[in-house]
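Worksheet: one structure, shown below.
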Amino acid sequence: MKLSAKILVVGGGPAGAIAAKSLAERGSEVILLERNLSFEKPCGGGIPSSAFDELAIPKEVIKREVKSIRIVSPIGEQLDIELKGGSLAIVTRGEFDRVLRHEAEKRGAQVIEGAFRGLIIDGKKYKVEAIIKGVKTDIVAEYIIAADGVNSRVRAALGIRPAKSFFTLSERIRGINTDSCEFWFGLSHAPGFYSWIFPAADGISAGTGSSEPGKVLALFKIFREKKGITQQGLKMIYKIPMWKGDLYNKNNIIFAGDSAGQVMPLSYEGIYYAMKAGEFAASAIIQGRATDYERMWKSRFQKRFSLMDKLRSYFLKNDVTVERLVALHRRFEVQEASMRLWMRKDSSREGLKSYIKLFGKFLC
């Protein structure tokens, strides 16, 4: 069997679905290939509420709205911060991804369940081998958007090494309720990362992370004991890429979302940036220059990602520096600068400058 389209999007998560939607609504012929349309990524599912208006996402998918966060330091000091000027929307990833794909489909994208198996460069076009309903299928396209996650098969097919990753263990637990998103720091249970408690539709999502996959289960056990969680739920281990900022496109193949490691350092937020990457990838293709994608991404996000990476390296290196990070966030001006960048996605130079002014002495 053989299919063709101007653009093939590989991966139907937030990056791929927004890319397909953006392309289709501007009249481009696009196929979205997703390996498993029923897959639900184990994820806290927190998205700044401002993203729903910015990206025209149906708000019916929002399960909970969180208006405050709690930061807990290694010695147990708690800091509650009101999310002024916005909220954190909690979604169920399976439903959220399906709704985004449906929005793309409504605008004319062809959504197909099938597995990417390899690609061949054929002149100015790409021939992708896929398995669709058990049948080997060739898909010919002028452009490919690789939005197929941290274990990107498109990336592997081009001989590009996987991104360095953190390993996280997430557990969905019923019978516990919270109205706040909690971020727990400490080397004993989350070295270089944080443990979390997020509200979910039917309980909480709890988890932790580590750069060493063999340790994440033991670390999560320590966190459960520290938090006093006795109930059991469904546990899943998954990877989060560490941002490096070294992969954008290879000719007319564009990498978006986790396949490009586009997860914000320190906060490890990925959904919003994946969706914006999909939007940028679509715009670059509409303009006929895949190389414009890198320019768009760097213009909007490069400085803040670089800043957050430096802050991550400094503050998450030990418990003493984490205590300093929590103490700094007791200051109103630090909270306000953080809300501008994190919740409101302020892209102005003034917002970034205010953050650099507050944290600049730690970046030398």
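The table that follows gives values for the structure above.
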| read-out | value |
| --- | --- |
| Of all DSSP beta bridges in the chain, antiparallel share, percent nearest 5 | 70 percent |
| Residue order, fewest to most surrounding Cβ atoms within 10 angstrom, among SER38, SER338, SER49 | SER38, SER338, SER49 |
| Peptides 143-154, 96-107 ordered by average Cβ neighbours within 10 Å, highest first | 143-154, 96-107 |
| Whole-number percent relative contact order across the chain, with pairs defined as alpha carbons under 8 Å at least 6 apart | 20 percent |
| Ranked by how many other beta carbons lie within 10 Å on average, peptides 77-85, 196-204 from highest | 196-204, 77-85 |
| Dipole moment magnitude, nearest 20 debye, the range 303-362 about Cα centre, only Lys, Arg, Asp, Glu C-beta charged | 220 debye |
| Separation of the ASP202 and GLU333 label points, Cα + 7 Å toward Cβ, nm | 4.8 nm |
| Helix-only [θ]222 nm of the chain, DSSP H runs n ≥ 4, -39500 (n - 2.57) each, per residue, nearest 500 | -9500 deg cm²/dmol |
| Segment LYS164-ALA56, length gained on full extension (0.36 nm per residue, minus Cα span) | 35.7 nm |
| Percent of Cα-Cα distances greater than 24 Å, calculated over the range 23-149 | 47 percent |
| Residue of PHE183, PHE315, PHE332 that the Gaussian network model of the chain assigns the largest fluctuation, springs spanning Cα pairs under 10 Å | PHE332 |
| Pairwise FRET efficiency - ARG289 versus GLN232, Cβ, R0 = 45 Å, nearest 0.05 | 0.30 |
| Stokes-Einstein D for the chain, Kirkwood Rh over Cα pairs, 37 °C, 0.692 mPa s (µm²/s) | 156 µm²/s |
| Over 26 Å (Cα to Cα) - which of LYS21/LYS59; LYS84/LYS357; LYS59/LYS345; LYS2/LYS276; LYS84/LYS221; LYS164/LYS298 fall in this group | LYS2/LYS276; LYS84/LYS221 |
| Protection-proxy order for peptides 16-26, 304-314, 52-62, each taking the mean of Cβ atoms within 10 Å per residue, highest first | 16-26, 304-314, 52-62 |
| Label-point separation, GLU77 to ARG117 (7 Å along Cα→Cβ), nm | 5.8 nm |
| Choice from GLY288, GLY123, GLY45 showing the highest fluctuation, given a GNM over the chain with Cα pairs closer than 10 Å | GLY123 |
| Globularity ratio of the range 303-362, using Cα Rg and 2.2 N^0.38 Å | 1.08 |
| Histogram of C-alpha separations across the range 247-313, 5 Å bin width, % | 3, 19, 28, 25, 14, 7, 3, 0 |
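No lab work stands behind these numbers, since they all come straight from the coordinates. On a predicted model such as this, the values are computed, not experimentally measured, just so you know. Cβ atoms come from the backbone with ideal geometry, glycine included; neighbour counts cover every protein chain shown.
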